Amino acid sequence: MKNSIIEVRDFRKTYGNTVAVDGISFSVQQGEIFGLLGPNGAGKTSTLECLEGLRAPSAGSLRVAGLNPASESRKLGQLIGVQLQSAGLPESITPDEAMKFFCAYHNVAPRFDLLERLGLVEKRDTQFYELSAGQQRRLVLALAIAHKPQVLFLDEPTAGLDVATRVELHKIMREQQADGITIILATHDMAEAEQLSDRVAILLQRKLVNIGTPMEITATGAGLTKISVRTQTASLSAVPISFPGVRQHMLKDDYNIYFSADIGPTVSAIIAHIELQKDPLIDLRVERPSLEDRFLEITNTGVTQ
């Protein structure tokens, strides 16, 4: 079993009378990609900032790579990489200068190969303020991983990036994980979190309401399976039909869409019906609940089980 590299126990963060995080606990194993999810205001940013040593917790304990982020932030800075939504780089600095500066701080050779992989070679001598938003984010990511940190904090890393760069970023994240680097991924992109994360934690109203693998989380709750059906003569749309297991039904773009709590009987009944009507089947898709579906269910209802 892998060792825990991050330990959060009864963590609470307040700003005056405002509670940002209210007594959460979790651990992250070395080499995990750990997704931190939640709507705006749930406490994700405050949790990240305290783990990164940028702010001190109001109560509870935090350990990152064996260090207390609040009292050992200088040591911690050598062991972690941070990509924030807001870069905080000087407007006049160039990617070339930034890479040399950050690598000198960490006492490693400049990683110009990362600039090439992230499409920034032609912009090496361009001032930061002249870069596009996507280019700025790619630069900050390159700086965050240049010194091969033990723990990498990514806050909305693919926001504003084109598809090709997103694919390259995901590849880089997998490479970092293969090297034993732990990644904390805060994102609003549920598909990204489901694809990349070994486990995810969902924060809601300043509390931790669910934690587990994406499969474990999507298996709980209402658990309705989406069944989309399109036929040649639309016999399913002719009259309302009640199929076993179906809890919801809707029409969209020539498709009948059913949400079933018992997929086997539902699909069997649908196929039997269209065969009886001699209505050729054009398309049938069965989709298990996604992490986004489950996330919306939790955030809309507050129900975690």
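The values are calculated or read from the model by the stated rules, or taken from the named source; none is laboratory data. Predicted model, so just to flag it, every value in this text is computed and none were measured. Positions of Cβ are backbone-derived with ideal geometry, glycine not excepted, and every protein chain shown enters the neighbour counts.
Would you check which residues across region 149-167 are under 14 Å from L139 (Cβ atoms) and free of Cβ contacts under 8 Å to residues at least 60 places away in the same chain and list them?
Hits for region 149-167 are G160, L161, T165.
Between residues in region 1-29 that are free of Cβ contacts under 8 Å to residues at least 40 places away in the same chain and residues that are of a type in the set (D, E, K, R) and in a strand (DSSP E or B), which pairs lie under 9 Å by C-beta distance while being six or more apart or on different chains?
S4/R63; S27/E7; S27/R9
Quick check, is L62 modelled with pLDDT of 95 or more, in contact with a Lys or Arg (Cβ under 7 Å, 6 or more places away or on another chain), crowded, with 17+ Cβ neighbours inside 10 Å and more than 18 Å from L154 (Cβ to Cβ)?
Numbers: modelled with pLDDT of 95 or more: yes; in contact with a Lys or Arg (Cβ under 7 Å, 6 or more places away or on another chain): no; crowded, with 17+ Cβ neighbours inside 10 Å: yes; more than 18 Å from L154 (Cβ to Cβ): yes.
The answer is no for L62.
Tell me the strands (runs of 3 or more DSSP E) entirely within region 1-56 that contain at least 1 residues that are on the phi > 0 side of the Ramachandran plot and in the same structural domain as V200 (by TED's automatic domain parsing).
4-15, 18-29
With T47, T14 as the choices, which residue is crowded, with 20+ Cβ neighbours inside 10 Å and of a type in the set (S, T, N, Q)?
When all the criteria are applied, what remains is T47.
Output the number of residues of region 270-290 satisfying the condition of being more than 14 Å from K226 (Cβ to Cβ), touching a strand residue (DSSP E or B) at 6+ places or on another chain (Cβ under 9 Å) and hydrophobic (A, V, I, L, M, F, W, C).
Result for region 270-290: 4.
Taking the options A164, A186, A178, A142, name whichever one is touching a Leu at 6+ places or on another chain (Cβ under 7 Å) and more than 26 Å from N40 (Cβ to Cβ).
A142
Here is a yes/no grid of residues against (1) over 27 Å from H188 (Cα atoms); (2) modelled with pLDDT of 85 or more; (3) of a type in the set (D, E):
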| residue | (1), (2), (3) |
| --- | --- |
| G245 | yes, yes, no |
| I263 | yes, yes, no |
| L276 | yes, yes, no |
| D279 | yes, yes, yes |
| V286 | no, yes, no |
| P289 | no, no, no |
| R294 | no, no, no |
| T301 | no, no, no |
| T304 | no, no, no |
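Residues checked against (1) under 28 Å from the mean Cα position of the chain (by Cα); (2) among the aromatic types (F, W, Y):
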{"position": "T47", "(1), (2)": "yes, no"}
{"position": "L51", "(1), (2)": "yes, no"}
{"position": "R74", "(1), (2)": "yes, no"}
{"position": "Q83", "(1), (2)": "yes, no"}
{"position": "K100", "(1), (2)": "no, no"}
{"position": "Y105", "(1), (2)": "no, yes"}
{"position": "R111", "(1), (2)": "yes, no"}
{"position": "L114", "(1), (2)": "yes, no"}
{"position": "L141", "(1), (2)": "yes, no"}
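Could you pull out the residue among A269, A261 that is buried (at least 16 other Cβ atoms within 10 Å of the Cβ) and free of Cβ contacts under 8 Å to residues at least 40 places away in the same chain? Before you say what the answer is, go through the steps one by one.
Numbers: A261 fails: buried (at least 16 other Cβ atoms within 10 Å of the Cβ).
On inspection, the qualifying residue turns out to be A269.
In this structure, does T187 turn out to be more than 26 Å from E216 (Cβ to Cβ), at pLDDT below 90 and surrounded by 15 or more Cβ atoms within 10 Å (Cβ to Cβ)?
So T187 does not fit the description; no.
Does G160 satisfy being part of a loop (DSSP other than H, G, I, E, B), out of contact with any Phe, Trp or Tyr (no Cβ under 9 Å at 6 or more places or on another chain), within 27 Å of A65 (Cβ to Cβ) and in the same structural domain as G212 (by TED's automatic domain parsing)?
Taking the combined requirement at face value, the residue does not satisfy it.
Which members of region 170-201 meet the condition of being free of Cβ contacts under 8 Å to residues at least 40 places away in the same chain and assigned to a helix (DSSP H, G or I)?
H170, K171, R174, E175, Q176, A178, E192, Q195
Please indicate, with yes or no, whether at least one residue in region 211-218 is touching a strand residue (DSSP E or B) at 6+ places or on another chain (Cβ under 7 Å), closer than 22 Å to S27 by Cα and in a strand (DSSP E or B).
Scanning region 211-218, I find at least one residue that is touching a strand residue (DSSP E or B) at 6+ places or on another chain (Cβ under 7 Å), closer than 22 Å to S27 by Cα and in a strand (DSSP E or B), so the answer is yes.
I'd like the full set of residues that are at pLDDT 95 or above and in contact with a Ser or Thr (Cβ under 6 Å, 6 or more places away or on another chain), limited to region 32-52.
Within region 32-52, E32, I33, G35 meet the criteria.
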